[in-house]
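These notes are about the structure you will find just below.
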Amino acid sequence: MAGDGPSAPREIPVALDVRSIRKSFGSHEVLKGISLAAREHDVVAILGSSGSGKSTFLRCINLLETPDGGEVRLKGELIRMRQRGGMLVPADMKQVDRIRSRLSMVFQQFNLWQHMTILENVTAAQIHVLGRDRKSAVEKAEAMLAKVGVADKRGHYPGQLSGGQQQRVAIARALAMDPEVMLFDEPTSALDPELVNEVLKVMRDLAAEGRTMLIVTHEMGFAREAASHMLFLHQGLVEDEGPPREIMANPNSERFRQFLSGSLK
Amino acid sequence: MDAFLEMVREYGPDFFWGTVLTIQLVVISALLGAAMAIPLALARMSRNLPLYWISSAYSIFFRGTPLLVQFFLIYYGLGQFAFIRTSFLWPFLREAYVCAIITLTLNTAAYSSEVIRGGILSVPRGEIEAARATGMSAFTAYRLVILPRAFSLILPAYSNEIIILLKGTSLASTITLLELMGASQLAASATYQPIQVFALAGIIYYCLTMAITSLFHWLERRYNRYMTLAR
């Protein structure tokens, strides 16, 4: 028993462990207890119709929304929360900031800092959060911009770039932090259709590199190809989950079947 | 025309020193006012109730009463309090110049803080979230993203505030200060040529306004390139 066969896969450590996240806005309960464990190198696609709570779930992980209940652990480190006036609040904002710097997020609306050049967008957090010196931050930024194919835009401002280019810069900004887990919140939903693929290609490359990623998306083809695990949320609960090809071919839930037939038209 | 040149020859130096004093009042109170306005704006947005109430009361008082009343309250009013008359600050506080600076600073700080508050509130939510999501503390996010972004958003409105401040300095003449308006009044009563005198004062105020406008245009070109370049 103790000595498993030589062919037994070594246990891959869990990178992000999220347990029973609950969140209400007013009387509307958006998340009713959602859990997820992503091992290192996992690419988890989170699907669901609009209003199913998938973006809120992602935002609860890095505490852009404060969950009403549940636990988030990054590499075993629990984000400490405490009660105040019946609400859950972070016990230590310094810890939250530190965890956030290890969890990069890419937003639907890119959210580049408009008053900074592309290079400054990618160096700012490296310098002021990670404490890197300017020279190594610039080197890192240039490497990341080259990786996503926008190195020639370093002196431009975000407003001068197309949506697809801006989103690739946002991915470079996230990558420059050397994150342990990357969170993508509908990264292609605000893009013109012809610009979607340039962003998806970058994300496919990241998945192939073995990055740990959580991706809220509507891109079913991409999710099937790139994801190692898929979660379908419905009305604040995990309605179906499993390896993408399996559950897309054989959904366990009627809701998911309907969702798939609606989105694969 | 001859009379006009005569008047300029006679009172030119008074106008010159009056203009210098006006510029001093504007520059000093604008800088002090801006320095006060940022913490005031933050206090106005604070969830700390005492801070919020004090800053709101301040803002309502200075925006709700005429500037002339504030000049009189500070210049004539402060001397009524024995503890102020006996304090070591009295030699300063009884000076009209100091009272004018204090009044203009407090007044412009109240208006500027509203402009700054509006600027901070119009920084796109997503850019602030992006800053926090990288792990920036609230302070760092303010320093790198929120305040610089608000600064460029408020430049046009802020130039208005400085122009109004310039015109407000003319009221300092009522507390014996011989700035541009005070100098003009003296010249007008000495020469019995109010039209020429006040026309000249008007022209100088106009030129100062143009200077403020071009300063802000320069600032906008310098700091808002990202907006004009955007497609």
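The values are calculated or read from the model by the stated rules, or taken from the named source; none is laboratory data. Everything numeric in this text was worked out from a predicted model, so none of it was measured. No Cβ is skipped: glycine too gets one built from the backbone with ideal geometry, and neighbour counts run over all protein chains shown. We work out accessible area using only protein heavy atoms, side chains counted, and drop any ligands, DNA or RNA first. Shrake-Rupley method; radii C 1.70, N 1.55, O 1.52, S 1.80 Å.
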Accessible area per residue for segment A:66-216 in Å², computed with a 1.4 Å probe and the full protein assembly in place, what is it? 39 Å²
Occluded residues from segment B:192-231, i.e. those whose accessible area drops by 20 Å² or more once the chain is not alone (1.4 Å probe): B:Arg225, B:Tyr226, B:Leu229, B:Ala230, B:Arg231
Where is the GNM fluctuation largest for chain B (alpha-carbon springs, 10 angstrom cutoff): B:Ser189, B:Ser113, B:Ser173? B:Ser189
What residues from segment A:82-117 fall in the zone where the backbone N is under 19 Å from a label point 7 Å along the Cα-to-C-beta line of A:Ser228? A:103-104
For chain B, which semi-axes, largest first and in whole Å, follow from the square roots of 5 times the eigenvalues of its Cα gyration tensor? 38, 25, 12
Show me you know the interface measure: the accessible area buried between A and B, both chains summed, probe 1.4 Å, in Å² to the nearest 100. 2100 Å²
Compute the accessible area per residue over chain B, keeping the other protein chains in place, probe 1.4 Å, unit Å². 53 Å²
Counting other Cβ atoms within 10 Å, keep those with at most 14, restrict to DSSP loop, and tell me which GluC sites (Glu not before Pro) in segment A:196-231 are left. A:Glu209
Top of A:Leu145, A:Leu231, A:Leu88 by mean-square fluctuation, Gaussian network on chain A, Cα under 10 Å: A:Leu88
Only Cα pairs within less than 10 Å get springs; with that Gaussian network setup on chain B, which residue of B:Gly79, B:Gly33, B:Gly119 has the largest fluctuation? B:Gly79
Residues from segment B:109-143 losing no less than 40 square angstrom of accessible surface in the full protein assembly compared with the chain alone, 1.4 angstrom probe, ligands and nucleic acids excluded, are B:Glu127, B:Glu129, B:Ala130, B:Arg132, B:Ala133, B:Thr134, B:Gly135, B:Met136
Among B:Thr105, A:Met87, A:Ala223, flag the residue with its Cα farthest along the positive direction of the charge dipole of the protein assembly as shown, charges on Cβ as +1 for Lys/Arg and -1 for Asp/Glu. A:Met87
Could you name the lysines in cross-link range of A:Lys140, using Cα to Cα under 20 Å and dropping any fewer than eight places away on the same chain? A:Lys153
Geometric extent, Cα atoms of the protein assembly as shown - Rg, Dmax (angstrom): 30.8, 115
What whole number of Å gives the distance from the Cα centroid of segment A:183-203 to the Cα centroid of segment B:1-36? 59 Å
List, in the order given, every pair from A:Lys54/A:Lys94; A:Lys54/A:Lys201; A:Lys54/A:Lys75 whose Cα-Cα distance in the structure shown is over 28 Å. none
Taking all protein chains as present, what is the carbon and sulfur share of the accessible area of the protein assembly as shown, in % to the nearest whole number, probe 1.4 Å? 59 percent
Please identify the chymotrypsin sites (Phe, Trp or Tyr not before Pro) of segment B:160-213 that satisfy two criteria: DSSP loop assignment and at most 11 other Cβ atoms within 10 Å. Which are they? B:Tyr192
What residues of segment A:97-114 lose no less than 20 Å² of accessible area with every protein chain in place versus their chain by itself (probe 1.4 Å, heavy atoms only)? A:Asp97, A:Arg100, A:Phe107, A:Asn111, A:Trp113, A:Gln114
